[in-house]
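Trainee: First, the structure itself, so that you have it in front of you.
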Amino acid sequence: MSDTPIHSKTASTVRSDDAEMRTRKVINRCNGCGHCRELMVDTSCLFMPQLYRLVDREQAGGAPISSAEMKQLLDLCNTCGICPCTPVHTWIREAKDAFVGREGLPPGLRLIENVQLMGRLGGALPRLANLALGNGTVAKGLKRVIGIHPERKLPLFPQDSFTAWAKARGLMHMPKTGGRKVAYFAGCTARYYFPEVAKATVEVLQRNGVAVYLPEQKCCGMPTMLEGDREFTFDLARFNVAELARCVSAGFDIVCSCPTCGYLLKSVLREGAQFSEEYRALVQQLAHQAKGDFDQVSARLAAEDAAFTGRANTASTHGRNASMLSLTQWKMFSDQGYFAGIGGANRLRVANHTYDLGEYLWELHEAGQLKLELGAVPAQVAYFAPCHQRQQDIGQPWVNLLGLVPEAQTERIGDAFDCCGLGGIMGFKKDFHETSLTIGTRLTDKIKAAAPGRVATDCLSCRLQFQQMLPYEVFHPVEILREAYRNFLTKTSANVSER
Ligand code: SF4
Ligand code: SF4
C-alpha cells in the first residue's frame, strides 16, 4: 500500500501500481487541502499548478490522470521546498523513487546524476576535458549521448584541485585543538567545479581562528534524490552520516558552504528522526530514569542534542525540536522521514551540529569573534538567497555579512517564492532545460532590472543557472568576504612600505 514507508518494502511486496498510488496520495492530499492552488500562483513552482490542472480536468469528467502524466508531474518538482508541507515533499520523492524503482534510469542520466564522478573524471585531466567541451562538434555529440540539452552551457573544469590544495595544507588530518573547529562539508560543486569557493571558505574560517578539517565525504545526495535514484542516494547518505557523526563525536561543528548540502544535512536528515526506534528507546529510558517527570526528560534530551560541542543547531526544526514534545506525542508518531532507513540517532547528531557557512560566520560576529579588518570592495552587489538556504530559517546572514564590507552596496533580490530553476542537474536534461529557464525567468528578470555590478549567491547551482541566463559575473558571498580581508592586508602592507 502507498501508506507503507518505502524503506520497509521488499521487491516481492511492491505492487506494480505503487508509483501511481504514491502519486495519487500527493494529488489527493493537495487537492483536499487546496492551499497551494492560490499560494503557488505567480511563484516558480510548476508542479502545483499542473497538479490542479490535471485534477480539475479529471473531476470535470475529462480523462483520468494517466501514469505518464503522473510521472511528468513528478518531474516538475525540483524539491525547492517552497510549498509548506514536509510530508508532501517526502511523498513526492517517494513517488519518484517508485517510478524509477520500477522503470529504471537511462544510462546517460545515471552518469550525469553522479556529480562527484563527473567532477573527478574531468578534474583528472582538465585540459583534455575542457578541450573536448570547447569543441562544438565533440560537445554536441557528448550532450546528445548523455541526454543534456544542446543549449545548456557546461561548466569548465578548473586547472587546480581543491583536494590537492587541502592535502598540501594538512586539512585532511583531524586537528587536535580545543578552540572552535569545523568539519567542512564542501559539496561536489565547490570541490570539483568552483575550488575558489572552497578555498575562500577555508581562508575566511582560518582567518577567524577556526581550525578546519576536511573529512572524507561523498556527494550530499540531493542530485540523485531529485532523480528518484533511491538506492544510490541512500549509499551516499549512509557514508556521509557515519563520517560526519564521527566528526561531531570528536567535538566538531559541521559547516556547509553549499546551502543545498546544508538543507539536506540539517533538514531532510532530521525529518522524522526524533521518532525513530533508536530515539524513542532513548526517550523511554530517560522517562523511566526521571520517573515520568517530562521536564527532566526534556532537559536531558536538550543536553543530548547539544552533546559533544556544547550546543545544538535547532534552526530549521520548524518547532519540532525533540525536547518540545510531550510523552503522549512521542507515542503517537513514527519515523516517516525520507531517510527513515538510516539510524535516527546519527541523523539527528549530524542535523543538530550542521551550520550554513553564513550562519556560522554571523554567529561568530554576534559573539564578537569575527575579525572586522575588512578592506573596501567597491561594488554594487545583487544578492539572491537560494531556496535551500531560505528553508533553513537562518535569517539573512550573507546580507548582514556583506553589509560589514566597506563600499559594497548589497541589495537583496528575489522573494520567498523565487527559484533559479536549475534543480540540481535537472536543468541540464534535454527534457527539463526549457522548463528550468521558465522557472528561473521570474528571478533573472528582477536581477536584470537591478542592473548590478556583480551577482552574489551562495548556491553554486544558482551560479550555473545565472551563468546560463545572465551577463553578470557571479560570486559566492564568501569570495567577496575573502576579497575584503585580502584588500585590508594589501592596504595595510602598502601603508607600511610607504612609511
Ligand atoms: S503542499 Fe501542503 S499546503 Fe500545499 S496543497 Fe499540499 S497539503 Fe496543502
Ligand atoms: S517543493 Fe517546490 S517545486 Fe516541489 S511542489 Fe513544492 S514548491 Fe513546487
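Trainee: Determine which member of the set Leu76, Leu109, Leu46 is within 22 Å of Cys261 (Cα to Cα), among the hydrophobic types (A, V, I, L, M, F, W, C) and within 9 Å of ligand 2 (Cβ to nearest atom).
Mentor: Leu76
Trainee: Next up: Does region 365-385 contain at least one residue that is touching a Cys at 6+ places or on another chain (Cβ under 8 Å) and within 16 Å of ligand 1 (Cβ to nearest atom)?
Mentor: no
Trainee: While we're looking at this one, here's another question. Just give me the residues in region 406-416 being surrounded by fewer than 19 Cβ atoms within 10 Å (Cβ to Cβ) and in contact (Cβ under 8 Å) with a residue 12 or more places away in the chain, in sequence order.
Mentor: Matches in region 406-416: Pro406, Glu407, Gln409, Glu411, Arg412, Ala416.
Trainee: Restricting to region 22-47, name every residue that is near ligand 1 (Cβ under 7 Å from one of its atoms) and among the hydrophobic types (A, V, I, L, M, F, W, C).
Mentor: If the condition is that a residue be near ligand 1 (Cβ under 7 Å from one of its atoms) and among the hydrophobic types (A, V, I, L, M, F, W, C), then Cys30, Cys33, Cys36, Leu39 are the ones that fit.
Trainee: Output yes when any residue across region 58-70 is within 30 Å of Phe333 (Cα to Cα) and more than 15 Å from ligand 1 (Cβ to nearest atom), and no when none is.
Mentor: Taking every residue of region 58-70 in turn, at least one turns out to be within 30 Å of Phe333 (Cα to Cα) and more than 15 Å from ligand 1 (Cβ to nearest atom).
Trainee: If I ask for residues that are among the hydrophobic types (A, V, I, L, M, F, W, C) and away from ligand 2 (no atom under 14 Å from the Cβ), which ones from region 15-35 would you list?
Mentor: Answer for region 15-35, where residues must be among the hydrophobic types (A, V, I, L, M, F, W, C) and away from ligand 2 (no atom under 14 Å from the Cβ): Ala19, Met21.
Trainee: Quick check on region 233-291: of everything there that is in contact with a Gly (Cβ under 6 Å, 6 or more places away or on another chain) and among the polar types (S, T, N, Q), which residue is modelled with the highest pLDDT?
Mentor: Result: Thr233.
Trainee: Oh, and also: What do you reckon, is Leu481 over 20 Å from the mean Cα position of the chain (by Cα), part of a helix (DSSP H, G or I) and surrounded by 23 or more Cβ atoms within 10 Å (Cβ to Cβ)?
Mentor: Numbers: over 20 Å from the mean Cα position of the chain (by Cα): yes; part of a helix (DSSP H, G or I): yes; surrounded by 23 or more Cβ atoms within 10 Å (Cβ to Cβ): yes.
It is true that Leu481 is over 20 Å from the mean Cα position of the chain (by Cα), part of a helix (DSSP H, G or I) and surrounded by 23 or more Cβ atoms within 10 Å (Cβ to Cβ).
Trainee: Okay, moving on. Kindly establish whether Asp415 is more than 23 Å from Thr201 (Cα to Cα) and assigned to a loop (DSSP other than H, G, I, E, B). Don't jump to the end; show me each part of the working.
Mentor: Values: more than 23 Å from Thr201 (Cα to Cα): yes; assigned to a loop (DSSP other than H, G, I, E, B): yes.
Considered against the rule, which asks whether it is more than 23 Å from Thr201 (Cα to Cα) and assigned to a loop (DSSP other than H, G, I, E, B), Asp415 comes out as yes.
Trainee: Just checking, does region 14-21 include any residue being at pLDDT 95 or above and within 27 Å of the chain's Cα centre (by Cα)?
Mentor: Yes - at least one qualifying residue is present in region 14-21.
Trainee: Still on this model: Which of (1) at pLDDT below 95; (2) within 21 Å of Cys220 (Cβ to Cβ); (3) within 16 Å of ligand 2 (Cβ to nearest atom) does Glu38 not meet, given it meets every other one?
Mentor: So Glu38 meets the others, but not (2).
Trainee: Show the residue pairs meeting these rules: Cβ distance below 7 Å; 6+ apart or different chains; first residue within region 163-186 and more than 14 Å from Leu244 (Cα to Cα); second residue charged (D, E, K, R).
Mentor: Every condition considered, the pairs that remain are Thr163/Arg191; Trp165/Lys199; Pro175/Lys181.
Trainee: List the helices (runs of 4 or more DSSP H) inside region 57-165, counting only whole elements, that have at least 3 residues being loosely packed, with under 14 Cβ neighbours inside 10 Å, out of contact with any Leu (no Cβ under 9 Å at 6 or more places or on another chain) and not assigned by TED's automatic domain parsing to the domain that holds Cys45.
Mentor: The qualifying helices (runs of 4 or more DSSP H) are 126-134, 136-146.
Trainee: How do the pairs read when you match residues in region 471-496 that are at negative phi and of a type in the set (Lys, Arg) with residues anywhere that are part of a loop (DSSP other than H, G, I, E, B) and surrounded by fewer than 18 Cβ atoms within 10 Å (Cβ to Cβ), using Cβ under 9 Å and keeping only pairs 6 or more apart or on different chains?
Mentor: Pairs found: Arg486/Gly375; Lys491/Gly375; Lys491/Ala376.
Trainee: So is Gln217 in contact with an Asp or Glu (Cβ under 7 Å, 6 or more places away or on another chain), modelled with pLDDT of 95 or more and not basic (Lys, Arg) or not?
Mentor: Answer is yes for this residue.
Trainee: Looking at region 220-242 only, could you name the residues that are of a type in the set (S, T, N, Q) and touching a residue at least 40 places away in the same chain (Cβ under 8 Å)?
Mentor: Correct list: Thr224, Asn240.
Trainee: Ok, one more. Is it the case that region 80-99 has a residue that's modelled with pLDDT under 95, farther than 23 Å from Asp335 by Cβ, within 16 Å of ligand 2 (Cβ to nearest atom) and aromatic (Phe, Trp, Tyr)?
Mentor: no
Trainee: Assess whether Leu361 counts as being surrounded by 23 or more Cβ atoms within 10 Å (Cβ to Cβ) and either over 23 Å from Gln206 (Cα atoms) or not β-branched (Val, Ile, Thr) (or both).
Mentor: When the stated conditions are applied, Leu361 passes them.
Trainee: Could you please let me know if Leu464 is outside any loop (DSSP other than H, G, I, E, B), at pLDDT below 95 and over 26 Å from Glu373 (Cβ atoms)?
Mentor: Working: outside any loop (DSSP other than H, G, I, E, B): yes; at pLDDT below 95: yes; over 26 Å from Glu373 (Cβ atoms): yes.
Here the answer is yes, as Leu464 does meet what is asked.
Trainee: Moving to a separate point now. Report, by residue number, each residue of region 256-271 that is surrounded by 24 or more Cβ atoms within 10 Å (Cβ to Cβ) and not charged (D, E, K, R).
Mentor: Correct list: Cys256, Ser257, Cys258, Pro259, Thr260, Cys261, Gly262, Tyr263, Leu264, Leu265, Val268, Leu269.
The values are calculated or read from the model by the stated rules, or taken from the named source; none is laboratory data. Just so we're clear, the structure is a prediction, and the values are computed from it rather than from any experiment. Please note: Cβ atoms are built from the backbone with ideal geometry, for glycine as well, and neighbour counts cover all protein chains shown.
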